[in-house]
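Structure first, then comments.
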Amino acid sequence: MKDFPYTESKDTRSGFGAGLAELGKTNPNVVALCADLTGSLKMDAFKKENPDRFFQVGIAEANMMGVAAGMTIGGKIPFTGTFANFSTGRVYDQIRQSIAYSGKNVKICASHAGLTLGEDGATHQILEDLGMMKMLPGMTVINPCDFNQTKAATIAIADYEGPVYLRFGRPVVPNFTPADQKFEIGKAWTLNEGTDVSIFATGHLVWKAVLAGKLLAEKGINAEIINIHTIKPLDAEAILTSARKTGCVVTAEEHQMNGGLGDSIAQLLAREEPLPLEMVAVHDSFGESGTPDQLMEKYNLNEAAIVAAVEAVMKRKK
């Protein structure tokens, strides 16, 4: 099992803020809109350096999506910012009608996703957003794993023509990917080559998969660990190549089991290569209030759950 040392932990929302600030210096067409959460979305630097390109719309998320869609007609590249729940569930009609249906070049940037929003509870957490957004025709869906990857993804989507949903979070997580990485939309990243099981993880669960890989290695299990930072378009070639090599699959995500990464991979395997599959995800439940660590433990989104899923799926291998 490869080692992935890190010197610091950072929140992925700060990676978004850093990427947006850099775009403010390099791409004059980038504009930013926020729904009264500038500090929470780490958009302060962009606002300070580009006051004429920053638009505070207030607590009016639906209006923000409509304004962003309109801005694209004039050649602007709008980045909208609010919590993931308000970026999707609250404004799904506006996204579907004004952005996705007409293929508008809007970047929907969503912080505080999943259970790790923590103490704000179920009304502010969302565990359905990846499924909602991936079902929209033409929508690209990205869920990076750490500060560096979120920054790189933020910069990369500015050059991509078409609507994008970029998901990130509030808690600090190990920052273990290279600072100088080139983010490629739709290209999975193999973190560790293995032969016994394929672990496909996304977002905050990528680091948990790395920790699980170390525990599995102690048990003599050689896990292939792949970071699926792009949920849509899915890197089918990388997934199938790995699954065919190892013969069984585990997926891991901070999302509902229905509609998430595991769902997409299950569909792919059912069509192309039926193999044993186990999913680490939330089982048809809303979240609740608690610290991020408490919630990840309660809902079994941790390295122990990944190890258990690996042991279960390996028993089903032919």
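Using the 10 angstrom Cβ neighbour count as an exposure proxy, how do Tyr92, Tyr165 rank, fewest first?
Ascending number of Cβ neighbours within 10 Å: Tyr92, Tyr165.
Rounded to two decimals, what is the ratio between the C-alpha radius of gyration of the range 9-174 and 2.2 N^0.38 Å?
0.92
Quick one: Cα centre-to-centre distance for the range 219-273 and the range 1-33, in angstrom?
Cα centroid to Cα centroid, the span is 26 Å.
Please report Rg (one decimal) and Dmax (integer) in Å for the Cα set of the range 189-314.
When restricted to Cα atoms, the range 189-314 yields Rg and Dmax of 13.5, 41 Å.
Within a 10 angstrom radius of the beta carbon, how do Met65, Met71, Met279 rank from fewest other beta carbons to most?
Working: Met65 30, Met71 19, Met279 23.
Going from least to most buried by this count: Met71, Met279, Met65.
When the gyration tensor of the range 70-156 is built from Cα positions, what are the square roots of 5 times its three eigenvalues, in whole Å, from largest to smallest? Could the numbers behind the result be given before it?
On the way: eigenvalues 97, 54, 26 Å².
Value: 22, 16, 11 Å, ordered largest first.
Give me the percent relative contact order of the range 9-174, please, defined on Cα pairs under 8 angstrom at least 6 residues apart.
Numbers: 353 pairs, mean separation 51.6, N = 166.
Worked out over the range 9-174, it gives 31 percent.
Name the lysines eligible as straight-distance cross-link partners of Lys107: C-alpha to C-alpha under 23 Å, and not fewer than 8 places from it in the same chain.
Of all the lysines, those that pass the test against Lys107 - Cα under 23 Å, at least 8 places apart if same chain - are Lys10, Lys25, Lys42, Lys47, Lys48, Lys76, Lys134, Lys151, Lys182, Lys187, Lys232.
Can you tell me the FRET efficiency between Ala60 and Ala312 if r is taken as the Cβ-Cβ distance and R0 is 51 Å, rounded to the nearest 0.05? Don't skip to the end; give the middle numbers.
Values: r = 47 Å, r/R0 = 0.91.
Efficiency, from the Cβ-Cβ distance: 0.65.
Between His229, His124, His204, find the one with the highest GNM mean-square fluctuation for the chain; connect C-alpha pairs within less than 10 Å.
His124
Counting helices only, and only those DSSP H runs with n ≥ 4, report the 222 nm mean residue ellipticity of the chain as the sum of -39,500 (n - 2.57) divided by its residues, in deg cm²/dmol to the nearest 500. Each step should come with its number before you reach the end.
On the way: 11 runs with 112 residues, N = 318.
The helix contribution divided over the chain gives -10500 deg cm²/dmol.
Sort Ile157, Ile142 so the one with the fewest other Cβ atoms within 10 Å of its own Cβ comes first. Working shown, then result.
Details: Ile157 25, Ile142 29.
The order, fewest Cβ neighbours first, is Ile157, Ile142.
Given an 8 Å cut-off on Cα distances and at least 6 residues of separation, report the relative contact order of the range 189-314 as a percent.
Numbers: 226 pairs, mean separation 37.3, N = 126.
Relative contact order here is 30 percent.
If R0 is 45 Å, what FRET efficiency do you get for Tyr101 and Ala236 from their C-beta distance, rounded to 0.05? Mind dumping the intermediate values first?
Working: r = 25 Å, r/R0 = 0.57.
Once rounded, the FRET efficiency stands at 0.95.
Write down, largest first, the equivalent ellipsoid semi-axes of the chain in whole Å, where each equals the square root of 5 times an eigenvalue of the alpha-carbon gyration tensor. Walk me through the intermediate numbers first.
Working: eigenvalues 212, 73, 68 Å².
Working through the eigenvalues yields semi-axes of 33, 19, 18 Å.
Quick one: dipole size for the chain, taken about the Cα centre, charges +1 on Lys/Arg Cβ and -1 on Asp/Glu Cβ, in debye to the nearest 20.
Numbers: 31 positive and 37 negative charges, 107 e Å.
Computed about the Cα centre, the dipole is about 520 debye.
Every number in this text was worked out from the coordinates using simple rules, so none of it is lab data. Quick caveat, the model's predicted, so the values are computed rather than measured. Note: ideal-geometry Cβ built from the backbone for every residue, glycine included; neighbour counts use all protein chains shown.
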